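First comes the structure, then the notes that go with it.
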Amino acid sequence: MKSAENKSSLINFTDYLSAKYDADSINITHSVIDDEVHLKISVTNSKTPSRLTLVNKNTNNFKVIAEINVESQSSFELIDENNYEMDTSFKMDTYLGDGSVFELYRFNKFKAETRNSFLHTCSLSKNSTFKDYNFTTGSDHTKNQTKINLNDKNSNYIGSGVVISNSSKCENYLDIRHLSDSAKSDCSFKAVSRGKSNVSFNGKVFVDEKCFNTVSNQISKGLLMDKDSKVNLTPILEINNDDVICSHGAASGKADEEILFYLASRGIAKADAERLYIQGFLSEFISKIDDSEMQTKGRKYIIENC
Amino acid sequence: MLDIKNLNVSVEDKLILKNLNLSLGKGQVHAIMGPNGSGKSTIAHTLAGKPNYDVNSGEVSFNGEDLLSKDPYERSLDGLFLAFQYPIELPGVTNASYLKQIVNAHRKSKNETPIDAGEFLKILKEKSKQLDIPMDMHSRFVNTGFSGGEKKKNEVLQMDLLDPSLIIMDETDSGLDVDALKSTAEAINKLRNSDRTFLIITHYLRLLEYIEPDFVHVFQNGSVIETGDKSLASKIDQEGYN
Ligand SMILES: Nc1ncnc2c1ncn2[C@@H]1O[C@H](COP(=O)(O)OP(=O)(O)OP(=O)(O)O)[C@@H](O)[C@H]1O
Ligand SMILES: [Mg+2]
């Protein structure tokens, strides 16, 4: 069961940034230093997911540094579903205690002429899970960098990234470090590149010597909608162990002309046919979100931005 | 309503349609029969506007307008429908949502409002039942993993939903079982009226026995070599093309 709406409290960090959150299980301290919002968030005692939703008013650049601590056996959802019109810089350090679950949902639309960066380091303890969903449009310059440390047995990372870019630049770095045996990582990345966009994905998986019984999957796919757009997919594997189940794939290509012709033959104009095609390309990914509310948000995001 | 004059079409620099002439009147049903590779699908694709089909010379007028200068989607909105010999799969988009979108594209071009969800479902149920299409097929992705016959039925369903004035069926009967062939023929006969024209490409007499074409054309090596009434189809069925 999800946390009930009526339990949620509102906290204002600045006049442009606030959060709705479940005050029973989430403790927040904040300070503002040189325009930068510093947050310390700790989550305790929450068997059902506690939720924090960021609310941004777009009157200032968004600069946030957050330290998040999800205590053992607790469960936390962070939702950032904002259309940003100013520059953003979001730095997060997350620590997940034994048996905890963290779900991060970012459905972000950025304005073309802005610069945006998101840097996240997440360390996972025994039996903890991090589900990481990032949806972005890209902008003049967007950089997403996520570092995952799988520090203990049965720690589990599930990550998905969707980029729907239009005349934008979007760099994505994912660095997954298997530092314990019996940990799992599963990551998928899909990018649609249009209007002279340039999207890159560097997906690195490192498996340490002692890490037997490791499972790691990574798939990245790029869809090029015109000849001036680019997608660069770079999987990098460094595996120092034999007892690893690994599947990795990267592929990018143009839209299938046969499909676009089929749609046209049914009366669907080119731009609409391309949109439908993109929706199809990304929908495989949406079905991976198991929370139905978030799945609906993901579908809505794709329809609105493609 | 459709006039093809001296049409020469090449694909990948290979001349396929050679000085083709064909005229279809309003309300008529024409059948085309011809050996494999003779260019039947090439006519269908050229009429629908498939990219990379080069029209070297010739003209096609559709309801008095120049068909070949139009985009494929405009041809559809003008009332041309092609049921594909090999329907295309579109992963990630459910058949129901796709069907609704194609219906709405046509409504929009007629300045009509998008179809009401309940009304669409009602129509979809009714037409699916006639074609013996199970409703759960519509929650699957478009043609993805459909059997050969299911894909063909889905083409007929789309034809039925879009209310076209010129229907080109490229071997829609191939791959259909006896019952499906019958329900497809029934759907065609139901749509048959004095305003609607059919061009039916087939290898088999069976479909033509159900729908009784007004004209049968024998196609060979890129052009029509003989035209007759439905008895020509029986003759081909018995004697072959040689
Ligand atoms: N993309 C292509 N590149 C080269 N040749 C092509 C291409 N498409 C079609 N052809 C050739 O054009 C000729 C006519 O093909 P078409 O598909 O029109 O035949 P058809 O009469 O429909 O045959 P069937 O009865 O087997 O469906 C064939 O020789 C085929 O190989
Ligand atoms: Mg053919």
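No value in this document is a laboratory result; all are computed from the given coordinates. Since the model is a prediction, treat every value here as computed from it, not as a measurement. Cβ placement follows ideal geometry from the backbone for every residue including glycine, while neighbour counts extend to all protein chains displayed.
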| query | Taking only DSSP H segments of four or more residues, each worth -39500 (n - 2.57), what value at 222 nm results for chain B once the sum is divided by all its residues, to the nearest 500 deg cm²/dmol? | reply | -11500 deg cm²/dmol
| Positive-end residue of A:THR14, A:SER197, A:ASN232, charge dipole of the protein assembly as shown with Cβ unit charges | A:THR14
| request: For B:LYS190, go through the lysines and keep the ones whose alpha-carbon is under 20 Å away, minus same-chain ones fewer than eight residues off. | output: B:LYS26, B:LYS122, B:LYS125, B:LYS127, B:LYS129, B:LYS152, B:LYS153, B:LYS182, B:LYS230
| Shielding of B:73-79 by partner chains, average beta-carbon count, 10 Å | 4
| field | Between region A:38-57 and region B:221-242, the alpha-carbon center distance in angstrom | value | 76
| field | region A:148-158 - phi-based ³J(HN,Hα) in whole Hz, Karplus 6.51/-1.76/1.60, Gly and Pro as x | value | 10, 10, 8, 8, 8, 4, 6, 7, 9, 10, 10
| said: With +1 assigned to the C-beta of every Lys and Arg and -1 to the C-beta of every Asp and Glu, and no other charges, what is the dipole magnitude of region A:17-130 about the Cα centre in debye, to the nearest 20? | reply: 160
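Only four residue types carry charge here, +1 at the Cβ of Lys and Arg and -1 at the Cβ of Asp and Glu. Report the dipole size of the protein assembly as shown about the Cα centre in Debye, rounded to the nearest 20. Provide the component values of the computation, followed by the final result.
Working: 64 positive and 77 negative charges, 98 e Å.
Value, rounded to 20: 480 debye.
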| So who's got an amide H within less than 5 Å of the one on A:GLN145, skipping anything under 5 residues away but keeping other chains? H placed 1.01 Å off N, in plane. | A:PHE118, A:LEU119, A:HIS120, A:TYR173
| query | In terms of modelled amide H atoms, which long-range or inter-chain residues lie less than 5 Å from the amide H of A:ASN198? | reply | A:SER168, A:LYS169, A:CYS170, A:LYS230
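I'm checking a number: the convex hull volume of the Cα atoms of region B:51-144, normalised per residue, in Å³. What is it?
That works out to 139 Å³ per residue.
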| note | Under the Karplus relation with 6.51, -1.76 and 1.60 and θ = phi - 60°, whole-Hz ³J(HN,Hα) for region B:86-95, x at Gly and Pro, equal 10, x, 8, 8, 10, x, x, 10, 6, 4
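Which number gives the lysine pairs in region A:2-67 that have C-alpha atoms under 17 Å apart and are eight or more places apart or on different chains? Let's see the in-between values first.
Values: A:LYS2/A:LYS20; A:LYS2/A:LYS47; A:LYS7/A:LYS20; A:LYS7/A:LYS47; A:LYS20/A:LYS40; A:LYS20/A:LYS57; A:LYS40/A:LYS63.
Lysine pairs meeting both conditions in region A:2-67 amount to 7.
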| request: For chain B, calculate the relative contact order in percent as a whole number, restricting contacts to Cα pairs under 8 Å that are 6 or more residues apart. | output: 29
| For region A:93-205, the spread of Cα positions along each principal axis, largest first, Å | 44, 19, 15
| Assigning unit charges at the beta carbon (Lys, Arg +1; Asp, Glu -1) and nothing else, what dipole magnitude in debye, to the nearest 20, does region A:9-255 show about its Cα centre? | 800
| field | From phi via Karplus (6.51, -1.76, 1.60), per-residue ³J(HN,Hα) for region A:291-298 in Hz, x at Gly/Pro | value | 6, 5, 5, 6, 5, 4, 4, x
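What's the average, rounded to a whole number, of partner chain beta-carbon atoms within 10 Å of each residue's beta-carbon in B:100-112? Numbers along the way, then the final one.
Working: counts 0, 8, 6, 2, 3, 7, 3, 1, 3, 2, 0, 0, 0.
Whole-number average of other-chain Cβ neighbours for B:100-112 is 3.
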| message | Whole angstrom only: what separates the Cα centroid of region A:69-124 from the Cα centroid of region A:273-306? | response | 20
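Quote the Stokes-Einstein diffusion coefficient, in whole µm² s⁻¹, for region B:1-121, based on the Kirkwood radius over alpha carbon pairs, a temperature of 20 °C and a viscosity of 1.002 mPa s. Present the calculation step by step, with values, prior to reporting the outcome.
Values: Rh = 16.4 Å.
In µm²/s, the coefficient rounds to 131.
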| Of the peptides A:171-183, B:182-194, how do they stack up when ordered by the mean number of other Cβ atoms within 10 Å, highest first? | A:171-183, B:182-194
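Could you put B:PHE215, B:PHE62 in order, starting from the residue whose Cβ has the fewest other Cβ atoms within 10 Å? Present the calculation step by step, with values, prior to reporting the outcome.
Details: B:PHE215 19, B:PHE62 22.
Least to most surrounded, the residues fall as B:PHE215, B:PHE62.
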| query | Counting pairs of alpha carbon atoms under 8 Å apart in space and at least six apart in sequence, what relative contact order in percent does region B:139-187 give? | reply | 44
| task | Work from the charge dipole of region B:111-204 (Cβ charges, +1 for Lys and Arg, -1 for Asp and Glu, about the Cα centre) and give the residue of B:ASN111, B:ILE133, B:LEU166 farthest towards its positive end. | result | B:ILE133
| field | Inter-chain shielding of A:252-262 (mean C-beta neighbours from other protein chains, 10 Å cut-off) | value | 4
| field | Net length gained if the chain between A:ASN241 and A:ARG299 were fully extended (0.36 nm per residue, minus Cα distance) | value | 17.0 nm
| task | Please work out the Cα center distance from region B:79-146 to region B:5-43, rounded to the nearest Å. | result | 28
| field | Placed amide H near B:TYR241: partners under 5 Å, 5+ positions off or other chain | value | none
| Share antiparallel - DSSP beta bridges, region A:9-255, percent rounded to 5 | 15
| Cα-based equivalent ellipsoid of chain A: semi-axis lengths in Å, sorted from largest, via gyration tensor | 31, 26, 18
| said: What distance in nm separates the two pseudo spin-label positions at A:ASP93 and A:ALA23, each 7 Å out from Cα along the beta-carbon direction? | reply: 2.9
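For chain B, what value does the Rg/Rh ratio take when both radii are computed over Cα atoms and Rh is the Kirkwood radius, given to two decimals? Write down the numbers at each step before the final one.
Values: Rg = 17.7 Å, Rh = 18.5 Å.
Radius of gyration over Kirkwood radius for chain B works out to 0.96.
Over the residues of region A:191-306, compute the C-alpha Rg and express it relative to 2.2 N^0.38 Å. Before the final figure, lay out each step's value.
Numbers: Rg = 17.7 Å, N = 116, 2.2 N^0.38 = 13.4 Å.
Cα Rg divided by the expected 2.2 N^0.38 Å: 1.32.
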| field | the protein assembly as shown: Cα Rg divided by the 2.2 N^0.38 Å rule of thumb | value | 1.20
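Could you work out [θ]222 nm for chain A from helices alone, using -39500 (n - 2.57) per DSSP H run of at least four and dividing by all its residues? Round to the nearest 500 deg cm²/dmol.
Details: 3 runs with 39 residues, N = 306.
Result for chain A: -4000 deg cm²/dmol, rounded to the nearest 500.
What relative contact order, as a whole-number percentage, does region A:9-255 give when Cα pairs under 8 Å and 6 or more residues apart are counted? Each step should come with its number before you reach the end.
Numbers: 816 pairs, mean separation 27.1, N = 247.
About 11 percent, as a whole number.
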